[in-house]
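Here's the structure we're looking at; comments come further down.
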Amino acid sequence: MGSEARTTLTLGRQQFAGTAHLDSDELQFRGEAKLRIPLRSVVMGQAPAGAPTVLYRVVKATQPRELVARRKAIAPNGAIWVVHPRGVASVADTVVFAAATDAGLTCTKACRFSDTDTAEKLVIPSAAR
């Protein structure tokens, strides 16, 4: 069980059409090229401007406030998936929701990301695009 989206995989200068499938343990790309990325190996860096999807790992109480800056990185119809540990009050989903509202974002989905983490999908409301 997971989430899927039609997308394009870019590797160097090559692009491949296919489907990205986010499961509890890995991200899979299925299509012209095939790729499996274990989530435990993902290191999150700086997102390019206009990114369709940004994964943002939150573990400190100050990080949700950075959603205002992260919003500028996504495409108007893009999304930020905020990944955070379960059971940590300083980065609980309610903290993420409040920071999202302050950044002009709305939550459209929440899901289990791993055995220890959860994730919320944040988007720019359609009226603000």
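The values are calculated or read from the model by the stated rules, or taken from the named source; none is laboratory data. All values reported here derive from a predicted model rather than from experimental measurement. When we count neighbours, we look across all protein chains shown, and the Cβ atoms used for this are built from the backbone with ideal geometry, even at glycine. Keep in mind that these areas ignore ligands, DNA and RNA; they rest on the heavy atoms of the full protein, side chains included. Shrake-Rupley method; radii C 1.70, N 1.55, O 1.52, S 1.80 Å.
Can you tell me how many residues within segment 86-106 are part of a strand (DSSP E or B) and closer than 14 Å to LEU55 by Cα? Working first, answer last.
Step one: list which residues in segment 86-106 are part of a strand (DSSP E or B), which gives 106.
Then drop every residue that is not closer than 14 Å to LEU55 by Cα, which leaves none.
Qualifying residue count for the region: 0.
Name every residue in segment 12-37 that is more than 21 Å from LYS109 (Cβ to Cβ) and either in contact (Cβ under 8 Å) with a residue 24 or more places away in the chain or within 15 Å of the chain's Cα centre (by Cα) (or both), in order of residue number.
ALA33, LEU35
Residue by residue, here is whether (1) out of contact with any strand residue (DSSP E or B) (no Cβ under 6 Å at 6 or more places or on another chain); (2) surrounded by 13 or more Cβ atoms within 10 Å (Cβ to Cβ) holds:
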site: HIS21; (1), (2): no, yes
site: PHE29; (1), (2): no, yes
site: ARG36; (1), (2): no, no
site: ARG40; (1), (2): yes, no
site: GLY45; (1), (2): yes, no
site: GLY50; (1), (2): no, no
site: VAL54; (1), (2): no, yes
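Please count how many residues of segment 5-19 are open to solvent by 50 Å² or more (accessible area, probe 1.4 Å) and aromatic (Phe, Trp, Tyr).
So the answer is 0.
Just checking, how many residues over segment 71-104 are more than 25 Å from ASP23 (Cβ to Cβ) and of a type in the set (A, V, I, L, M)?
Residues of segment 71-104 that are more than 25 Å from ASP23 (Cβ to Cβ), as a first pass: 71-72, 76, 89-90, 94-95, 98-99, 101-104.
Filter again for of a type in the set (A, V, I, L, M), leaving 89, 95, 98-99, 103.
Result for segment 71-104: 5.
Quick one: which of ALA5, ALA75, ALA47, ALA69 is within 30 Å of ALA99 (Cα to Cα) and assigned to a helix (DSSP H, G or I)? Spell out how you get there, then give the answer.
Numbers: ALA5 fails: assigned to a helix (DSSP H, G or I); ALA75 fails: assigned to a helix (DSSP H, G or I); ALA47 fails: assigned to a helix (DSSP H, G or I).
Every option except ALA69 fails the conditions.
Which residue out of ILE74, ILE80 is under 13 Å from the mean Cα position of the chain (by Cα), more than 22 Å from GLU26 (Cβ to Cβ) and either among the basic types (Lys, Arg) or open to solvent by less than 60 Å² (accessible area, probe 1.4 Å) (or both)? Break it down into steps so the answer makes sense when it comes.
Details: ILE80 fails: more than 22 Å from GLU26 (Cβ to Cβ).
Sole residue among the options that is under 13 Å from the mean Cα position of the chain (by Cα), more than 22 Å from GLU26 (Cβ to Cβ) and either among the basic types (Lys, Arg) or open to solvent by less than 60 Å² (accessible area, probe 1.4 Å) (or both): ILE74.
If a residue must be surrounded by fewer than 19 Cβ atoms within 10 Å (Cβ to Cβ) and under 15 Å from the mean Cα position of the chain (by Cα), how many such residues does segment 84-116 contain?
Going through segment 84-116 one residue at a time, the tally reaches 11.
Just to be sure I understand, how many residues within segment 78-98 are in contact with a Lys or Arg (Cβ under 6 Å, 6 or more places away or on another chain) and not β-branched (Val, Ile, Thr)?
Of the residues in that region, 2 qualify.
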